[in-house]
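**Q** Below is one structure. I have some questions about it.
Just so it is clear, none of the values below were taken in a lab; they were calculated from the coordinates. This structure is a prediction, so every number in the text was calculated from the model and none was measured. A quick note on method: Cβ atoms are made from the backbone with ideal geometry, for glycine too, and the neighbour counts reach across all protein chains shown.
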Amino acid sequence: MSLAEPPVSDDASQEETMTEITSVTAFPGRSGPGRALDRRRADVVHRGEDLARRETLAGQEELTWLKVAPLADPDHGYPTPTDLQALHAAVTAVVHGDTVDGARVHHRLPLGLRLVPLAVTAIDVTVLFSFFSDLARVPLDQAFTGRTLRLTVASVGFAVLCTLVAYAVLSLTGRRLRSFRDALGDVEWRCTGAATRLMTALSVVVSLAVGSLMYVRVAQEAQQGELVGWAATTVAVVVAVIAVVGNLAVVAVHCFDGSDEAALLRSTGRRLYRWERRRHDAHVALIRHGGGDPGRVD
């Protein structure tokens, strides 16, 4: 009498047969409910191993995709990581070479000076709100009650709108002038075009307008106080001049805070850093599932 091997129809029957063999081999003396429990345990182990294999394959697929995945860039569309790395290296070489040769155009301003536009904007919106609230006759002690609430919201809206328009003009002018700086950091005015000169004139007009409002506001406050005559006028003029200079400082900060090449270097560096972080996280996740080499990241 010969013993024939049981026919195997598909992979599922193979796995079931191997599960039974494993349970019988591991616990040869058990039968009935004990053997059913062993089967369930073996099935849980098998499903865990299958899940680990799937997660490993998913991690490897993500790493492969990250090597060629395009990166969004506002100036260069969707370059690949290789192209962005090449651009970053080229700009780095230019900035480093100019700096070694003694150029100061790429140097950034200290943090305190870079915060000047934020401070000027906050002061402008406060002064404009005070001016518009006086025009609408909004009592500040009842600004958020009853009918005055709508007038307060309108005053805030006009103040914010005027401040944003002024900041847009000043900052765009500064960024435009930054493109015409020479190696020592000075603006080459002879190279500027009609659009740049028009924006510079608009910045001067906006600064003078804000200074005029500041003069009117301070003069009114001085007349209501103890200052009269030349003292009140002098204080109002000084505050107005400071307001004009402060708004022009917004242009200067945007103009002298580094160069276009330095800004491009920071932009590409941030994108490459986020890309490297994603690759690192994907590689760490792959190592945790036993599918990666702890020594390197491809």
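**Q** What's the Cα-based Rg to Rh of region 109-257, Rh via Kirkwood?
**A** Ratio of gyration radius to Kirkwood radius for region 109-257: 1.06.
**Q** What order, most packed first, do the peptides 261-270, 111-120 have when packing is the mean number of other Cβ atoms within 10 Å of each residue?
**A** Top to bottom by mean Cβ count within 10 Å: 261-270, 111-120.
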